[in-house]
Amino acid sequence: MNAIAFTDVSKSYGNVLAVDGLDLAVEAGRTVALLGPNGAGKSTSINMLLGLLRPTHGRIEVLGTSPDEAVARGEVGAMMQSGELIPELTVRELVDFVRRLYPRPLGLDEILQMADLTGLVKRRAGKLSGGQAQRVRFALSIAGAPKLLVLDEPTAAMDVESRLRFWAGMRAYAAGGRTVLFATHYLEEADENSDRVVVVARGRVVADGTAAQIKAGAGGQTVRFTLDGQAAAGLDALPGVTAVEVEEGTATLRTADPDATVAALYRGTSLRVRDLRITGAALEDAFLALTQES
Amino acid sequence: MPGYIKIEALRMLRNKRYVIFVVAFPVAFYLLSVNLYGGGTDAAGASVVLMVSMSAYGALAASMMSTVVPWAQERQSGWLRQLQVTPLTNRTIIVTKLVTSLLLVLPSILLVCAAAVLAQGVWLTPARWAGLILVMWAGAVPFAALGLTVGSLLPPDAAQPVAMIGTFGLAILGGLWYPVDLMPSALKAVAHVMPSFHYTDMGQSIVAGHGVPPSDALTVGAWAVALGVVAVAAHRRATVRG
Ligand SMILES: Nc1ncnc2c1ncn2[C@@H]1O[C@H](COP(=O)(O)OP(=O)(O)O)[C@@H](O)[C@H]1O
Ligand SMILES: [Mg+2]
């Protein structure tokens, strides 16, 4: 069953079309990154998924039901892009309050551990640093042991160290077979913490796949080697290759699948391959290419 | 819901503004004015009359203060949205706010009464004590509903001054600080439709041994229903999902 299904979903604010015919299905148990620049429509999509906003058009299903119903059943937990805590309450009071709102919550200690808060339980929320408050908000999002966890740019305001620990906590949570959808505009975060990256720009999905597929899909990577005087014929027929260039004795193959190309180069041809180099289009390049198109 | 009421009450009891304006101020004001007016512990004496009007003021301030700004603030700060993605329903949220606000009215009433007993030797029959406290407590519903309405309609920086003006306006026009009889007649006419006027009047009647005048109870009840309906509508509007 799909944990999330957007079918042709659009949302406009007055005459701003924030989400434009979004189709997206996420299988249960996956960790998916929603990657896109600011203004791409990530938060709008997430808020619709959580039932906080209504789509102007289209349908959204969460865990086989409507967003409102899934939330009411306690199957969804979320960390919105921004949000403050009640300053007079302690970390423990906040987390314990929210976990008790759910029918089958995680244990308090387990939550505090995953969110790296064990040293801060007695601290009032008003006295937390930005990164600590983010961790508390993460704790609130997992407190009810939701099947679907949704995080909107969760590491904003965190330093490098907190980020690492935050993602470790997220992975620990996801490891229980739960579905996680997180929005980010950091490429590395998407690459390192998800098993699928959905790239959105201008309210539409512009690429969808593993980080490697996205790099490849965006015109990808190059395999370069010294050809010297050997014949270049047949190189363009190698698996994955989309273009071949030969210049000053060096062959440059553009490929969507460098592993297959290189394997075939060695096994399927009699060429003497020297000085082989594979250069990746970084995810960054792929991302820029995808989000700036059209 | 008990857990929600608990944290809502805790946060207010830890809020300095609430403690100063709602808990300390009415007691201090009571002790100060009772000395100015020279005491007197019979039913019409200043110690008793002021006990009622200061409890009323404390209850009014408590119900406004525990609703307007916290509610406006948590809508703006995103705390409400955090709650909206839990199984908590909007209905539970507003009912909890109302119940908590009424709970937070009790400390002011009880402390002013305690000050009257301990410092002024005021004593009423058990039936009058019970009637007074019950009426002062339940009669605060219109103010809590008004507070939730204002908190639903305004952002926090606008809600804050409106709450202050509303509280002081209701206190003055209700005769909580200054007897309505001494007001110019136009103002007196306005005072006579105010919920705060009828609210204190119920308390004054009870301590004087006259029971609850039906006209007072009806007026306060009508305000409670009217403002309650407005509060629910305003709350719906504020929590509607666009
Ligand atoms: N409440 C709103 N009113 C008007 N426009 C909005 C509102 N929220 C978002 N937008 C616009 O919708 C687009 C998508 O915004 P958003 O979903 O916040 O993107 P992201 O989260 O990817 O940065 C942007 O152009 C933004 O300016
Ligand atoms: Mg956003």
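The values are calculated or read from the model by the stated rules, or taken from the named source; none is laboratory data. In this text, all values refer to a predicted model and were calculated from it rather than measured experimentally. Ideal geometry is used to build each Cβ from the backbone, glycine not excepted, and the neighbour counts take in all protein chains shown. Note: areas computed on protein heavy atoms with side chains; ligands, DNA, RNA excluded. Shrake-Rupley method; radii C 1.70, N 1.55, O 1.52, S 1.80 Å.
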Looking at A:138, A:97, which one is facing chain B (nearest Cβ under 9 Å), modelled with pLDDT of 95 or more and open to solvent by less than 60 Å² (accessible area, probe 1.4 Å)? A:97
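Can you find, within segment A:174-186, the residue that is nearest to ligand 1 (Cβ to nearest atom) among those that are surrounded by 22 or more Cβ atoms within 10 Å (Cβ to Cβ) and more than 14 Å from chain B (Cβ to nearest Cβ)?
Restricting to residues being surrounded by 22 or more Cβ atoms within 10 Å (Cβ to Cβ) and more than 14 Å from chain B (Cβ to nearest Cβ), the top hit is A:183.
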I'd like to know if segment A:107-122 contains one or more residues that are in a loop (DSSP other than H, G, I, E, B) and within 14 Å of chain B (Cβ to nearest Cβ). yes
Suppose the filter is within 16 Å of ligand 2 (Cβ to nearest atom), assigned to a strand (DSSP E or B) and closer than 17 Å to residue A:149 by Cα; does residue A:3 pass it? no
Listed by first then second residue, the pairs whose first member lies in segment A:37-50 and is within 6 Å of ligand 1 (Cβ to nearest atom), whose partner is of a type outside the set (Gly, Ala, Ser) and part of a helix (DSSP H, G or I), with beta carbons under 8 Å and at least 6 positions apart or on separate chains, are A:40/A:291
Report, ordered by the first and then the second residue, all pairs with beta carbons closer than 6 Å, sequence separation of six or more or different chains, a first member in segment B:156-178 that is touching a residue at least 60 places away in the same chain (Cβ under 8 Å), and a second member that is outside any helix (DSSP H, G or I) and open to solvent by 60 Å² or more (accessible area, probe 1.4 Å). B:171/B:177
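Residue-wise test of (1) at pLDDT below 90; (2) buried (at least 17 other Cβ atoms within 10 Å of the Cβ); (3) in a helix (DSSP H, G or I); (4) away from every other protein chain (no Cβ under 14 Å).
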{"site": "B:10", "(1), (2), (3), (4)": "no, yes, yes, no"}
{"site": "B:20", "(1), (2), (3), (4)": "yes, no, yes, yes"}
{"site": "B:24", "(1), (2), (3), (4)": "yes, no, yes, yes"}
{"site": "B:30", "(1), (2), (3), (4)": "no, yes, yes, yes"}
{"site": "B:35", "(1), (2), (3), (4)": "yes, no, yes, yes"}
{"site": "B:39", "(1), (2), (3), (4)": "yes, no, no, yes"}
{"site": "B:52", "(1), (2), (3), (4)": "no, yes, yes, yes"}
Mind checking which helices (runs of 4 or more DSSP H) fall wholly inside segment B:54-106 and carry at least 2 residues that are within 9 Å of another protein chain (Cβ to nearest Cβ)? B:68-77, B:79-84
Return only the number of the condition from (1) surrounded by 23 or more Cβ atoms within 10 Å (Cβ to Cβ); (2) within 16 Å of ligand 2 (Cβ to nearest atom); (3) modelled with pLDDT under 95 that residue A:197 does not satisfy. (2)
A careful count of residues in segment A:76-106 that are in a loop (DSSP other than H, G, I, E, B) and either aromatic (Phe, Trp, Tyr) or closer than 18 Å to residue B:241 by Cβ (or both) gives 5
Applying the selection to segment A:144-162, what residues are within 21 Å of residue A:198 (Cβ to Cβ) and more than 16 Å from ligand 1 (Cβ to nearest atom)? A:146, A:147, A:148, A:149
Selection from segment A:14-35 of residues within 16 Å of ligand 2 (Cβ to nearest atom), within 14 Å of another protein chain (Cβ to nearest Cβ) and modelled with pLDDT under 95 yields A:16
Would it be correct to say that residue A:158 is modelled with pLDDT under 90 and either buried (at least 18 other Cβ atoms within 10 Å of the Cβ) or part of a strand (DSSP E or B) (or both)? yes
Anything in segment A:66-109 that is hydroxyl-bearing (Ser, Thr, Tyr) and in contact with a Ser or Thr (Cβ under 9 Å, 6 or more places away or on another chain)? List them, or say none. A:82, A:102
Restricting segment A:72-92 to residues that are more than 24 Å from residue A:50 (Cα to Cα) and open to solvent by 30 Å² or more (accessible area, probe 1.4 Å), which is farthest from the other protein chains (Cβ to nearest Cβ)? A:92
Which condition breaks for residue A:7 when tested against (1) surrounded by fewer than 22 Cβ atoms within 10 Å (Cβ to Cβ); (2) within 20 Å of residue A:182 (Cα to Cα); (3) within 14 Å of ligand 1 (Cβ to nearest atom)? (3)
Residue A:127: at pLDDT 95 or above, under 25 Å from residue A:67 (Cα atoms) and more than 16 Å from ligand 1 (Cβ to nearest atom), yes or no? no
Which ones in segment A:36-69 are near ligand 2 (Cβ under 10 Å from one of its atoms), in a loop (DSSP other than H, G, I, E, B) and buried (at least 20 other Cβ atoms within 10 Å of the Cβ)? A:36, A:40, A:41
